[in-house]
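Structure first, commentary second.
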Amino acid sequence: MVVLKFGGTSVENAENIKKVTAIVNSHNDSKIVVLSAVSGTTNTLVEVNKLLASTKKDNAIILIDKLELSYRQLVNELFSSEKHQLKALSFIKGKFEELRSYTNKTPQNEKIILAQGEIISTNLFQIYQAELGNTSLLISALDFMSIDTVEEADIASLKSKLTRILSDNNHIKTFITQGYICTNHKGEIDNLKRGGSDYSASLIGAAIDAKEIQIWTDIDGMHNNDPRYVDNTFSIEEMSFDEAAELAYFGAKILHPQSIIPAQKNNIPVLLKNTFNPNDKGTVIKNCSSSNGVRAVAAKDGIIAIKIKSYRMLMAYGFLKNIFEIFEKYQTAIDMITTSEIAVSLTIDNPTYLTEIIEELQLLGIVTVDKQMSIVCLAGDFSQSGKGISASVINCLKDIPIRMISYGGSNYNMSLLIDSDNKVNALNLLNKGLF
Ligand code: ASP
Ligand code: MG
């Protein structure tokens, strides 16, 4: 079996849904099609939740009405038989009546509202397959995808539930399901966090030991640099799981970082493809050797650098432990870290508990904080040809102030912290100098 996941822009309008259908039908293997919400829908649902929280119910209704209108238009354009068009319209009507019925924000209402995007896209897709006479089965992710008490995917339960569903329906070749949504340990509707549809696809692929996990988006695979800021980038045909994990985590928007892990653990290739240019090879992420030298560059914004300076650190042990415990207490992940004998600098991207963290760190030393920083990540294999790579990277950036450098944490990554104002310039200089 293969898993085919399509992102929000791939199901954005009638024309694109037809493209997705052609891609799905071109696969002879049995498949599970995982869909995101139509692009923009989850953002709108997040807005609706905010308005309900601020008791601006009327404004929430205006947003919901507007969204409903866009779906009616999509349905009118997509379907040609009256029967299926009416079926789709009546489904939309029911869903939007439900959305309008939530009058306040509760944690459960919020999650139910957020889940509707994927529920709508998959239902419309399935009705469209029926109109075309293609046999398919819509299976609800809520029946097999779940997270446990610490919000981690429950892989054992996914495996047994999904395998059961598939074997009960072994005459079906095309299954359709939602990305992103799941149930939690209380059995309530929940989700895998924003952008989580890729993660759903990878978890599903791992659970059924798929031949391949295909992630279809609107770009020709993973590029060697960020095409939003740099001209003349090119897509990379092949990369290792480790390289892809570094790039996805440090800013390559094409793939949700968590989605590498299930695929890598089960050694299932992940193919990144473009719905709008299906003939392009795209990028395959698999168990291969990493590129000798720099394979790609990516950058992640919104980084906060924290420096803790203390003479108590000099020749002492346990100092780092005391620092890390504070971050653990506030459930804040550290991305980069560099140390000197009397100071530690580290970065975080989640500012939620910044004030509390600083207060506690101040008990250990003098704390300075730099905001609006960016991590520039270089991925590749730096183990064999380590010679000269760091020199050429630093040389490219010789006119840009570098706040931190992290090298050697893994063989596949070198990270530099710079002011976000210098990011575009840095990415362009690296592009010129390294590729
Ligand atoms: N629809 C969800 C989001 O926009 C999940 C996804 O598309 O991956 O975050
Ligand atoms: Mg995405």
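Since every read-out is calculated from the coordinates, none of them should be taken as a lab result. What you see is a predicted model; the values in this text were computed from it and never measured. Reconstructed Cβ throughout: ideal geometry from the backbone, glycine too, with neighbour counts over all protein chains shown.
Quick notes
- Kirkwood Rh, angstrom, region 196-246 [1 / mean 1/r, Cα pairs]: 12.8
- All other residues whose Cβ lies under 10 angstrom from that of residue 38 are scored, Lys and Arg at +1 and Asp and Glu at -1, for a net of -2.
- Counted by neighbouring Cβ atoms within 10 Å, the residues 295, 194, 403 run from fewest to most as 194, 403, 295.
- Using C-alpha pairs under 8 Å with a sequence gap of at least 6, the mean separation divided by the residue count of region 144-288 gives a relative contact order of 23 percent.
- Among 362, 219, 149 - extreme Cα towards positive end, dipole of the chain, charges at beta-carbon: 219
- Three semi-axes of the equivalent ellipsoid, region 27-81, Cα gyration tensor, whole Å, largest first: 30, 17, 6
- Annotation: peptides 139-145, 300-306, ranked by per-residue average of other Cβ atoms within 10 Å with the highest first, follow the order 139-145, 300-306.
- Net dipole in debye of region 188-335 [+1 Lys, Arg Cβ; -1 Asp, Glu Cβ; about Cα centre; nearest 20]: 600
- Global dimensions of region 348-397 from alpha-carbon coordinates: Rg and Dmax equal 17.0, 43 Å.
- Extension reserve of the residue 66-residue 100 stretch, reckoned as 0.36 nm per residue once the Cα distance is removed: 11.0 nm
- Distance from region 1-76 to region 134-149 (C-alpha centre basis), Å: 17
- Whole-percent pair-distance distribution, where bins are 10 Å wide, for the alpha carbons of region 131-249: 11, 36, 29, 19, 4, 0
- Nitroxide proxy distance, nm - points 7 Å out along Cα→Cβ at residue 276 and residue 432: 2.9
- Expressed in units of 2.2 N^0.38 Å, where N is the residue count, the Cα radius of gyration of region 240-394 is 1.26.
- Rg in Å to one decimal, and Dmax rounded to a whole Å, for the chain via C-alpha atoms: 23.6, 78
- Shape of region 194-302, Cα gyration tensor, a/c cut at 1.5: rounded
- Projecting the Cα positions of 139, 108, 267 onto the charge dipole of the chain (unit charges on Cβ atoms of Lys, Arg, Asp and Glu, taken about the Cα centre) puts 139 furthest along the positive direction.
- Rounded to the nearest 20 debye, the dipole magnitude of region 59-171 is 260 debye, with +1 charges on Lys and Arg beta carbons, -1 on Asp and Glu beta carbons, and the Cα centre as origin.
- Cα gyration tensor shape of region 94-200, rounded if a/c is under 1.5, else prolate or oblate by comparing a/b with b/c: oblate
- Most mobile listed residue (309, 83, 173) in the chain, GNM with C-alpha springs under 10 Å: 83
- Couplings 3J(HN,Hα) of region 295-304, computed from phi: 8, 7, 10, 9, 9, 10, 9, x, 9, 10 Hz, in residue order, whole Hz [Karplus 6.51 cos²θ - 1.76 cosθ + 1.60, θ = phi - 60°; x for Gly and Pro].
- Mean separation of Cα pairs under 8 Å and 6 or more residues apart, divided by the residue count, gives region 360-420 a relative contact order of 45 percent.
- The string of couplings for region 109-120 from the Karplus curve (6.51, -1.76, 1.60, θ = phi - 60°) is 4, 4, 5, 5, 4, 4, 6, 5, x, 6, 5, 5 Hz, one whole number per residue in order, with x for Gly and Pro.
- Using only side-chain charges placed at the Cβ, +1 for Lys and Arg and -1 for Asp and Glu, the dipole size of the chain relative to its Cα centre rounds to 200 debye.
- In the chain, taking the dipole from charged Cβ atoms about the Cα centre, the farthest positive-side position among 296, 79, 333 is held by 79.
- Within the chain, helix-based [θ] at 222 nm, where runs of 4 or more DSSP H residues each add -39,500 (n - 2.57), nearest 500: -12500 deg cm²/dmol
- Charged neighbours of residue 198, selected by a Cβ distance under 12 Å, balance to +4 (K, R count +1; D, E count -1).
- Between region 289-313 and region 242-288, the alpha-carbon center distance in angstrom: 21
- Our summary gives the chain a relative contact order of 14 percent, counting only alpha carbon pairs under 8 angstrom and 6 or more residues apart.
- For residue 271, the residues whose modelled amide H falls within less than 5 Å of its own, excluding neighbours fewer than 5 places apart on the same chain, are 213, 214, 215, 285.
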